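Read-outs throughout are calculated quantities, based only on the coordinates presented, and are distinct from any laboratory measurement. Please read all numbers here as calculations on a predicted model, not as lab measurements. Ideal geometry is used to build each Cβ from the backbone, glycine not excepted, and the neighbour counts take in all protein chains shown.
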């Protein structure tokens, strides 16, 4: 094993093994919803609330346990630091392997320069190991396959997010899918999904991660296709599943490469091997590329994002839980978990370009543009999710680990809030189409409107709501802000910074459009209210209401909680120096508790927040919001309160704008590319070739084999069996018959004297023979 | 030594016995012919025993005589039963074991 060098620190390195009952027994958290799944599946229909109460209880308990686990982790981290009297967050450590002198020297000099400034602060370092509990699952050929849990700051953060949002979604669903024909089944799968995601985040090794990854994929498939009677829904489910398969190949290949290079399935071992240069750079690069493909499919990055907007076919709470807050962040989580691999594989430090940052930033802007032309409110939010996941992916690509994870944290709350808010609106108007069924909803649903606004502002990244803080950290982390002295981040990813700022402006603009089309102007849904085609088997008690109305408490309370989190979540990681005073205050708490300080985590640098950057980014974002505001709230509204776009707008007068609009409407033709060109282009020739091969090669071979077999069999039957074998049998039969006949008639005549004669003759012959031969 | 003479006598007796067994039709005569054969053998035993100066041959001869007596007993009993059933001791009539 490698030894640990702490650079820039004066005191000796100390690694603290954090322990505690909740941390060591965190496996109970996924076990609870897993048990709930089984109970609901088998007994749910017989229960008074059709299984919902089991799901809520299990997830509620899991949430309480998660909070306790997180609390214990924070407490232990503080104790560990208290014992040293220093603050671990300013220091870092580098793992250097003793065996590789060259690498050791290299890392030494790099790190020496790296931590020079931090050394001045004189904080001693306390590394903390993740809590790992594992046992051998099975063993084969000397390789032990372990199963267990790994708990560190990242894990407890994810446990908290997943269980909280899952709990709120469970409560929300009791109203939203009330009376659905597969109500019990729905809750069973929510439980299974929660269990899978928790299992995934607690994974101790990559093998477990693969299992969890696939499990969430399966649950996603089942829940997207919840209303599978309608063809588009089952198509969407299949699309999600099949698109994910593409990336899953990358996941499998990448994990196998890592296993053979690190000779271990353990996440910690793989990270340590990657950081300690035990694995060649090329190998790590290829593994990173494969895993990036997995991220692209699971976390909806260009160009494999196409399944995510279609996945909105599922019930809205599912969209909130799976396609906004938890499942799609599995890819981000995987990168964060195996960050050592990506860090070394893409050489993130000191670079200005890599694939992960490129994929993230392209997704960020590309999906942001697509959100403009969607009429379905959920699809806008879906593209917004894709875009925000692009932020996280980009942040990981530029080395802003904490920023990415923090954005994951804040985004989960406000995006779940937006989805549930959209669900609340659609619950009332029985449609997701903003242009035909919505407009002016703020008069009918003031509470939903308020929560939706809060979450929207958080998503826009306007201060002081949650999205601002995490977005700002990402922009700082790109290190591209050289104009006012830079932010001393890991590299100088200027393109990522530019894309990030453009993305922020786009986000503001399309969210303003959503707000206008949904909540302002005039209600356009009156004529649609009587033919309710909500499609969820919803009982029709509001189907014939004449006006939309506010949703019930089981829908509103989760919205309140999520809006509250959308306001406060950003304060968990205030930039240093923002609030002067005690260092034990709020600043960088999230970073302090979540980012690992251990041998399995690379020595990343943290950007220094810049006021100029924050102000500039906010101004650009506000410009985006203002442009959209001017278009919708002023010009469109002036034309007619019920209008959804300008009659003589840019797209109808300008050819280029119309062409651009069409490209966006067609979603960059990616679906055409996949279904028509790739699938269509391959299926014709491939099918023809396969048919030809089938007819002429396989069938011919089979026929030839058949014919040969028939003639061989005929030959064998006629010649060998009938003539030879049967002949031999018959011959022996007739021979013995003839012999018997002869002996019976000639010898066995009952004449004693004849017998005696034979006996004497025989005796004479024997005697003669004896005479001759002896 | 008169061995050759004894052997010749024995051979003559044996051949007479064989002839009797094969040619005579009376069961009792066949049994008697068997006795002749056995006694031819006995003569051989005794002759060879005397020739080699041991008593082994004589011992054997005594055994043969004892067994021959038993055999004749059994044989006569069979002949007697055949006679009772068939009123005849002609062996050519006794072909119950014909195949």
Taking R0 as 51 Å and r as the Cβ-Cβ distance between residue B:50 and residue B:90, the FRET efficiency 1/(1 + (r/R0)^6), rounded to the nearest 0.05, comes to 0.80
Ranked from fewest to most other Cβ atoms within 10 Å of their own Cβ, B:60, A:406 fall in the order B:60, A:406
Mean 1/r over distinct Cα pairs of chain A, inverted to a Kirkwood Rh in Å, yields 29.3 Å
Proxy exposure order for A:717, A:383, A:755 (fewest C-beta within 10 Å first) is A:717, A:755, A:383
For chain A, longest principal axis from Cα atoms; helix A:655-665 axis from its Cα atoms; angle between them, nearest 10 degrees, is 50 degrees
Quick shape summary for region B:3-91, equivalent ellipsoid via Cα gyration tensor, semi-axes whole Å in descending order, reads 30, 15, 4
A convex hull over the alpha carbons of region A:323-366 yields, per residue, a volume in Å³ of 76 Å³
Taking Cα atoms only, helix A:752-773 is inclined relative to the longest principal axis of chain A by an angle, in degrees rounded to 10, of 80 degrees
Pseudo-spin-label distance residue A:677 to residue A:711, built 7 Å along Cα→Cβ, given in nm, is 5.2 nm
Highest mean packing first, using Cβ neighbours within 10 angstrom, the peptides B:7-14, A:303-310, A:70-77 sort as A:303-310, A:70-77, B:7-14
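Over all distinct Cα pairs, what is the inverse of the mean 1/r for region A:378-463, reported as the Kirkwood hydrodynamic radius in Å?
Kirkwood radius, region A:378-463: 13.9 Å.
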Simple spin-label estimate for residue B:4/residue A:138, 7 Å along Cα→Cβ, in nm, reads 9.7 nm
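First measure r as the distance between the Cβ atoms of residue A:630 and residue A:64, then evaluate 1/(1 + (r/R0)^6) with R0 = 60 Å and state the FRET efficiency to the nearest 0.05.
Values: r = 48 Å, r/R0 = 0.80.
E between residue A:630 and residue A:64, to the nearest 0.05, is 0.80.
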For region B:3-91, averaging the sequence separation of alpha carbon pairs under 8 Å that lie six or more residues apart and dividing by its residue count, the contact order in percent is 30 percent
Compactness summary of region A:126-209: radius of gyration and Dmax from Cα atoms, Å, are 17.1, 55
So for R0 = 22 Å, FRET eff. of residue A:760-residue B:63 from the Cβ-Cβ r, to 0.05, ends up at 0.45
Scoring chain A by relative contact order with C-alpha pairs under 8 Å, at least six apart, yields a percentage of 12 percent
Between residue A:25 and residue B:77, the two model label points (7 Å from Cα along the beta-carbon direction) sit apart by a distance in nm of 9.7 nm
Quick calc of log₁₀ I(q)/I(0), region A:293-407, Debye, one scatterer on every Cα, no solvent, q values 0.11, 0.17 1/Å, result -0.32, -0.73
Computed, not fitted: 222 nm per-residue ellipticity of chain A from DSSP H runs ≥ 4 (each -39500 (n - 2.57)), nearest 500, equal to -20000 deg cm²/dmol
If the chain between residue A:693 and residue A:615 were fully extended at 0.36 nm per residue, the gain over the current Cα-Cα distance would be 21.5 nm
Taking chain B and counting helices only, DSSP H stretches of n ≥ 4 at -39,500 (n - 2.57) each over all residues, the nearest-500 ellipticity at 222 nm comes to -28000 deg cm²/dmol
When A:136, A:451, A:243 are ranked with the fewest other C-beta atoms within 10 Å first, the list becomes A:136, A:243, A:451
Rounded to the nearest 10, the angle in degrees between the Cα long axis of helix A:494-519 and the longest principal axis of the Cα atoms of chain A comes to 80 degrees
